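Reading through the structure tokens given below for one structure.
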Amino acid sequence: MLETALTALEPVRGSCSISTFTGEAHTFTPTAPGRAPTLITSCRSLHWMARPEVLDMADRVAAVNAVVAIMGDGSLWTHAADWTVALRGLIQTYLGEERRAGAHGTYADPGRSYEDDLADSAFNDVNEYRFAVARAWTPEDVVGYLRTTSFARPALFADRHHEFEAEALGLLQSHAHGGVLEEDAEFTVLLARRPGDAA
């Protein structure tokens, strides 16, 4: 994923330098003095992290005027279109009512919002932006996407995964109009700064 992102950024990055880090986010340290990050982003993944520790790390390593951007738009599990509701129901017939997550568990609501976490961090000057996003999926695209999720990854289905995918593809094809499944989502971006930092 990092290689893909860097390839996509190359033609538009101009004179900006980009470096990447793989590992536990709260263990990050800059690679060289004076190379403090000015933008720290997280899309959907922050839910799975130790959020206060990650925000403490960001405060420790980020440049004075750094921005923390937290983005997301839910997932097909939470989307409320007819086809996503039917798909979620199919997944539940195979895996049970609770949303699966992690290696062996189920999804747990964090109990706190990102806004609450940011309010308790150094980056408590927060602005929220919302963007309408319209996506057109093919049934095959959705089946491929499900393989990458924590709630419908292949290992959860064991020897029934091929059976599930065949049934899911049929269900999705029956809901598609002209071969297309529409998703109207809202993408939310929280831009957080330390109080008094220049915008």
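Summary of computed values
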quantity: Accessible area per residue, Å², the chain with all protein chains present, probe 1.4 Å; calculated: 60
quantity: Distant-in-sequence amide H partners of Arg100 (H built 1.01 Å from N, under 5 Å); calculated: Tyr107
quantity: Area of Ser19 that stays accessible when all protein chains are in place (1.4 Å probe, Å², to 10); calculated: 80
quantity: Which of Met71, Met1 is most accessible, then next, and so on - probe 1.4 Å; calculated: Met1, Met71
quantity: The chain, accessible surface, carbon-and-sulfur percent (1.4 angstrom probe); calculated: 54
quantity: Surface accessible to a 1.4 Å probe, His161 within the full protein complex, Å²; calculated: 20
quantity: Local electrostatic count, Ala50, Cβ distance below 11 Å [Lys/Arg +1, Asp/Glu -1]; calculated: -3
quantity: Residue-by-residue Karplus 3J(HN,Hα) for the range 8-16, coefficients 6.51, -1.76, 1.60, Hz, glycine and proline x; calculated: 5, 7, 3, x, 10, 6, x, 8, 5
quantity: Rounded FRET efficiency, nearest 0.05, which uses the C-beta distance separating Thr93 from Ala69 and R0 of 30 Å; calculated: 0.20
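The values are calculated or read from the model by the stated rules, or taken from the named source; none is laboratory data. Bear in mind the structure is a predicted one, so any value in this text is a computation, not a measurement. All Cβ positions, even for glycine, are placed from backbone atoms using ideal geometry, and neighbour counts span all protein chains on display. Only protein heavy atoms, including side chains, enter the accessible area calculation; ligands, DNA and RNA are left aside. Shrake-Rupley method; radii C 1.70, N 1.55, O 1.52, S 1.80 Å.
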